[in-house]
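The values are calculated or read from the model by the stated rules, or taken from the named source; none is laboratory data. As the structure is a prediction and not an experimental result, all values here were calculated from the model. Every residue, glycine as well, gets a Cβ built from its backbone with ideal geometry; the counts of neighbours run over all protein chains shown. Please note that ligands, DNA and RNA were not included when accessible areas were found on the heavy atoms of the full protein model with its side chains. Shrake-Rupley method; radii C 1.70, N 1.55, O 1.52, S 1.80 Å.
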Amino acid sequence: MGLFTRDIQTMQDLFVHQLKDVLYAEKRIVKAMPALIDKATSPELKNGLQMHLEQTRNHVTRLENVFRMQDIEPSTVKCPAIDGIIDEAEEISGEVADKGVLDAAIAASSQAVEHYEITRYGTLIAWAKELGRADCASILGETLQEERQADQSLTQLAEQRLNHAAAA
């Protein structure tokens, strides 16, 4: 189902479609992150990515719970946006020989993922509230907070260490 098809007739349909998109994205991230963690050389970057991988697994569980709260079986729709972001991250990290530059590239790619997720969760929260589902909005809000924290941690690490090491 494409985003703007006749299968989406109501705000609820749109909300569920976006939940499916984000569930696909989170599952794709869970599969892709271990390779980036293995390539990272900065202990702080490795540790931060590993911690966020564990959070991402919890994000999948939370999304599945949001589906069930609405009596809907969790399912996914392909998300070309996250596929592109992850494909680009894999491509860039495969081409960089300098370990400092590689770590900076991994951090930047990881932030692109976080920014995508932040926009999606923000939208889902707004839609959940509009649909009278404060319960769903609350659960999605927990994940949004973790995504923002991950982005902030990556920014601090990049600005304080990784970018400087890459430029040296």
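Below is a table of values for the structure above.
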read-out	value
Cross-chain or 6+ apart pairs with Cβ under 6 Å, segment 81-100 first and over 21 Å from residue 42 (Cα atoms), then at pLDDT 90 or above and loosely packed, with under 14 Cβ neighbours inside 10 Å	none
Of all residues in segment 18-32 being over 20 Å from residue 73 (Cα atoms) and either modelled with pLDDT under 95 or out of contact with any Ser or Thr (no Cβ under 8 Å at 6 or more places or on another chain) (or both), the one that is least open to solvent (accessible area, probe 1.4 Å)	32
Segment 54-91: number of residues that are in contact with a His (Cβ under 7 Å, 6 or more places away or on another chain) and in a helix (DSSP H, G or I)	0
Helices (runs of 4 or more DSSP H) enclosed by segment 92-168 - at least 3 residues per element that are modelled with pLDDT of 95 or more	99-130, 134-157
